[in-house]
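In what follows, a single structure is set out as structure tokens and then discussed.
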Amino acid sequence: MRVLLVNTSERVGGAAIAASRLLRALNRNGVEATMLVRDKQTDNPRVCALPESPMLKAKFVAERADIFVRNGLTKQNLFNIDTGRFGTDITRLPEFQRADVIHLHWVNQAMLSLQGLERILRTGKRVVWTMHDMWPFTGVCHHAEECRGWTTGCGNCPLLNRKGAHDMSWQTFKKKAEVYGRHALTFVGCSNWLTDLARQAPLLKGQRVESIPNPIDSAMFCPGDKREARQRLGLPQDRLLMLFVAYKATNPKKGIDYLRDAVGRMVAADAALRDKAGVVVVGREAETLRDTFDLPLYPTEYVSDTATMLDFYRAADVLVMPTLMDNLPNTIVEAMACGVPVVGFNVGGLPQMIDHGENGWLAPEKDSEALAERLHATLTDGRLPQMGEAARHKAVKSYSEQAVAERFMQIYGP
């Protein structure tokens, strides 16, 4: 069986990392898989890029310009929405023609258009689409948050400057309905949370919807020597370290403000932490946070190197994930595989990953006081080693390459 994975980027973003890991998992478990991307970042021979053309960048610019103009000449939410109006026809490529199964991942920002999707479906090849966010079943948004417009056909979109009953979200929703209505697809949610939403979606009515997590190489992501990791990173040996990781550390949706508040509450309640604990922040603009916490802060810009990220996980005592919306974050799986317990808000796919009181703790969404209590308990109640072991066990059992590959092989069929 030959499977072609399709994603906008090879390595940038959570979906790209998840797709690349699935590529490796499938090939290690008897499936001949390749990956097609617009943006190729490595020399992996199993990853091929779209043919070089000035049109690739032109289509991306054209799509953003189209949204900018149709939305009233405003940059508001310019990169939080997609219309699927621009993309590349991949059906003529040899990699596509050789494949038995086409497995789509995150294909926005002019990688694939809805018209291009229809061309793929018309070939009669089996199509599987892993949903890394809500876009496949909404009008234009990747995360609907509190909006339920996607359950009634969209329109009057809160993300649009020019909103109305027949606005850009309604038009895109209608186009998706036309394409999906003529063909059969299999949609896969990375988390039970996203899958449950997808099963409520009118756009996916009558389509097959499954839940399969992203895989991880549990032999690579594994516990290591904490002291050596801290020495390589220049981190203190004598402090309990809380790790926060995000592509952009200052992104408010990743919850850095709630972490700052929680740390302040912890220190106010237990002044001894000033000499015992610290916060490690990894992500773009991390340096701007240096003097904003009530504990020593150790900032590092975004890390793409796996070996360095392994050191950060192994150096940490706990991963803090106060995200306000997330599917099945790779960061949590990676940390757990390295034997690090996780504390986060009870949102999205996190309850599926964090077993409350066993391998980490969950706090009510946006509740800084509860987050502080959970963090303090994790760092001080003496069960860190046991919780770390439980985290490792959960990661290996649920997210190993073999386990995930076997589930997708069942989806692909004979």
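The values are calculated or read from the model by the stated rules, or taken from the named source; none is laboratory data. Worth saying up front: this structure is predicted, and the values here are computed from it rather than measured. Don't worry about glycine lacking a Cβ; one is built from the backbone with ideal geometry, like all the others, and counts go over all protein chains shown. Just so you know, the surface numbers come from the protein's heavy atoms only, side chains and all, with ligands and any DNA or RNA stripped out. Shrake-Rupley method; radii C 1.70, N 1.55, O 1.52, S 1.80 Å.
Brief remarks follow.
- Each residue in the stretch 271-292 was checked for being open to solvent by 20 Å² or more (accessible area, probe 1.4 Å) and either in contact with a strand residue (DSSP E or B) (Cβ under 9 Å, 6 or more places away or on another chain) or within 12 Å of Phe244 (Cα to Cα) (or both), and 7 of them qualify.
- Search result, residues across the stretch 348-362 that are without any contact (Cβ under 8 Å) to a residue 40 or more places away in the chain, on the phi < 0 side of the Ramachandran plot and either touching a Ser or Thr at 6+ places or on another chain (Cβ under 9 Å) or small (Gly, Ala, Ser) (or both): Leu350, Trp361
- Within the stretch 80-99, considering residues that are open to solvent by less than 50 Å² (accessible area, probe 1.4 Å) and within 25 Å of the chain's Cα centre (by Cα), the one farthest from Arg64 (Cα to Cα): Ile90
- Residue selected from the stretch 1-20 under the condition assigned to a helix (DSSP H, G or I) and open to solvent by 20 Å² or more (accessible area, probe 1.4 Å), by the criterion farthest from Leu328 (Cα to Cα): Ile17
- The sole residue among His143, His132 that is closer than 14 Å to Ile81 by Cβ and either open to solvent by 20 Å² or more (accessible area, probe 1.4 Å) or in contact (Cβ under 8 Å) with a residue 12 or more places away in the chain (or both) is His143.
- Gly155 fulfils the conditions (1) touching an Asp or Glu at 6+ places or on another chain (Cβ under 7 Å); (2) of a type in the set (Gly, Ala, Ser); (3) within 30 Å of Arg407 (Cα to Cα) except for a single criterion, (3).
- Only listed residue being touching a Pro at 6+ places or on another chain (Cβ under 6 Å), aliphatic (A, V, I, L, M) and at pLDDT below 95, chosen from Leu328, Leu324: Leu328
- On the stretch given as the stretch 287-318, residues that are β-branched (Val, Ile, Thr) and part of a loop (DSSP other than H, G, I, E, B) total 2.
- Restricting attention to the stretch 247-259, the residues being open to solvent by 10 Å² or more (accessible area, probe 1.4 Å), in contact with a helix residue (DSSP H, G or I) (Cβ under 8 Å, 6 or more places away or on another chain) and within 16 Å of Gly344 (Cα to Cα) number 1.
- When the helices (runs of 4 or more DSSP H) confined to the stretch 166-241 are screened for residues that are at positive phi and surrounded by 17 or more Cβ atoms within 10 Å (Cβ to Cβ), none reaches at least 3 such residues.
- Qualifying residue in the stretch 41-54 (condition: of a type in the set (A, V, I, L, M), over 26 Å from Gln402 (Cβ atoms) and part of a helix (DSSP H, G or I)): no
- Listed by first and then second residue, the pairs linking a residue in the stretch 371-400 that is over 16 Å from Gly339 (Cα atoms) to a residue that is among the basic types (Lys, Arg) and in a helix (DSSP H, G or I), with Cβ atoms under 8 Å apart and 6 or more places separating them unless they lie on different chains, are Ala372/Arg265.
- Number of residues in the stretch 146-161 that are assigned to a helix (DSSP H, G or I) and either touching a residue at least 60 places away in the same chain (Cβ under 8 Å) or in contact with a Ser or Thr (Cβ under 9 Å, 6 or more places away or on another chain) (or both) equals 2.
- Test result for Ile102, at negative phi, open to solvent by less than 10 Å² (accessible area, probe 1.4 Å), among the hydrophobic types (A, V, I, L, M, F, W, C) and outside any strand (DSSP E or B): no
- Inspection of the stretch 66-76 finds no residue satisfying the criterion of being closer than 20 Å to Thr186 by Cα and crowded, with 20+ Cβ neighbours inside 10 Å.
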